[in-house]
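What follows draws every value from the coordinates through simple rules; no lab data is involved. Given the structure is predicted, the values throughout are model-derived calculations rather than measurements. Glycine gets a Cβ as well: all are built from the backbone with ideal geometry, and neighbour counts include every protein chain shown.
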Amino acid sequence: MIMYSSDRLKIIAVTSRQLCPRPLWEQIPRIRQAGISSIILREKDLSEDDYLRLAEKVFRACVENNVELTIHNYPQVAKKLGISRIHMPLPLLNVNTTHEFETAGTSIHSLQQLKQAESLNVSYVTCGHIFATDCKKGLNPRGISFLYDICNESSVPVFAIGGITKERISEISETGAAGACIMSSAMLL
């Protein structure tokens, strides 16, 4: 099994149940065994009710495996489950949301979006996509120099996302990023 623990970077698994060969909650122990202790439950195609049902199972598995869970896009689900971490799309984020949660993050794709996110008092940002990825087929990656520039300008921790592999972790660590997000490789452990 590939180990993703890093002394310098926090690694976050971003979920995609379609990629996972088993029920998502059964993947949590495998993610933890790989050295990853944080996930963002990002299942964009689910209704809030379906997301809640999935989140309940994933949350139980996270608690059992000492994995930090961040809810994506559904603040009411986070509140129902007593989860203090939320990740929201930037257009849906507001100061009320960032104040309601212990940790609130968003995704950014430009310096302008970084400044907007910071003005909303986010705890962190994910920045991408850095490398070519199947999730963004046909879109040019922004590259490592873009990540470096964002990290240099940011007042909050920055996590690289998009095409992140074990081999690219050291390259990311040189930019000043706080960490990296992985999806495909975390779902296929």
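Some observations on this one:
- Legend: ranking of residues S84, S38, S145 from fewest to most surrounding C-beta atoms inside 10 Å; resulting order S145, S84, S38.
- Sorting E174, E167 from the fewest to the most surrounding beta carbons within 10 angstrom yields E167, E174.
- Charge dipole magnitude, Cβ of K and R +1, D and E -1 - the range 10-187, Cα centre, debye nearest 20: 340
- Computed from label points 7 Å out along Cα-Cβ, the spacing between S47 and K137 is 2.9 nm.
- Listed residues R53, R85, R17, most fluctuating in the chain (Gaussian network, C-alpha, under 10 Å): R53
- Computed on the Cα atoms alone, the convex hull of the chain gives a volume of 112 cubic angstrom per residue.
- When only alpha carbons are used to place a centre, the range 5-70 and the range 96-158 end up 20 Å from one another.
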